[in-house]
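Undergrad: One structure, as structure tokens, below. Some questions next.
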Amino acid sequence: MVASICLHRALLGLFFLCLPLLSASEYYPPSNPRLEKAYVALQAWKHSITSDPKGFTENWCGPHVCNYTGVYCAPALDNPHEFTVAGVDLNHGAIEGTLPEELGLLADLALFHLNSNKFHGALPSSLECLKLLYELDVSNNQFEGSFPSVVFQLPSLKFLDIRYNRFCGDVPPCVFDLKLDALFINNNQLTFSIPDNIGNSPVSVLVLANNQITGPAGCQAGEHHGIERPWHSSM
């Protein structure tokens, strides 16, 4: 199961990476409302960035957002004749800054990858507008605050990775009811006891390590076959 998830992610990532750089005049009209909203969102985000040592966002200028580094466009699911921003991947950018509420304008976003940066603050509540979001990876940043409840408003979400941040407080037991393939919440400052419903989780990979976890991984957890889940290395 773990191998199938990795293969799926690799193929999905390859799809976006193989999309050709799009010329705005050739592939989409200037009046494309999806890309106009994406321009507003990405410009607001650029203004929220305080350091970009690798220059990932240097070319985030002008309305042709499909040419921005780390931004991937594809035909919209509900209108294949109209292009939209379907993925953002700024992994390993060492970028500092925050995430603005305007990111909720990226309504067609399927992949949002920000691992290994220095983003801080809370995840914006407007992310609940991303109903097509399939993968959310904000691992290895400096995000803080309570467990991001916005993930409960993302019906398409299958991969959630918030490890190596500063999230704190209680983990809602209902997180284990989400229809996820993989869940990584390790290495935060979260506190919770192993809930009874954890054995019902459909995840193939579940990592909780290095949080303040109490209680054994009991019978309910053991009933789930084929799952890879390091519970904790500190209690």
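Undergrad: In nm², what is the average projected area of the convex hull enclosing the Cα atoms of region 26-139?
TA: For region 26-139, averaging the hull's shadow over all directions gives 6.5 nm².
Undergrad: Can you compute 3J(HN,Hα) from phi for each residue in region 160-168, using the Karplus curve 6.51 cos²θ - 1.76 cosθ + 1.60 with θ = phi - 60°, rounded to whole Hz and x for Gly and Pro?
TA: Values per residue, Gly and Pro as x: 10, 9, 10, 5, 6, 9, 10, 5, 9 Hz.
Undergrad: Right, next: Taking H placed 1.01 Å from N in the peptide plane, check which residues at least 5 places from residue 86 or on another chain put their amide H under 5 Å from its amide H.
TA: 72, 73, 74
Undergrad: May I pose another question? Search the structure for amide H atoms under 5 Å from the amide H of residue 121, placed 1.01 Å from N in the peptide plane, and list their residues when 5 or more places away or on another chain.
TA: Under 5 Å from the amide H of residue 121 lie the amide H atoms of 144, each far enough along the sequence or on another chain.
Undergrad: Separate question: What list do you get for 102, 135, 58 if you sort them by fewest beta carbons within 10 Å?
TA: 58, 102, 135
Undergrad: Then there's this: Quick one: what are the phi-derived ³J(HN,Hα) couplings along region 75-89, Karplus 6.51/-1.76/1.60 with θ = phi - 60°, whole Hz, x for glycine and proline?
TA: x, 5, 4, 8, 7, x, 8, 10, 7, 8, 7, 9, x, 10, 9
Undergrad: Could you sort out which of 54/158; 46/131; 37/158 sit more than 28 Å apart by Cα distance in this structure?
TA: Table pairs above 28 Å Cα-Cα are 54/158.
All of the numbers you see were taken from the coordinates with simple rules; none came from a lab. Nothing here was measured: the structure is a model prediction, and the numbers come from that model. As a convention, Cβ positions derive from the backbone with ideal geometry for all residues, glycine included, and neighbour counts pool all protein chains shown.
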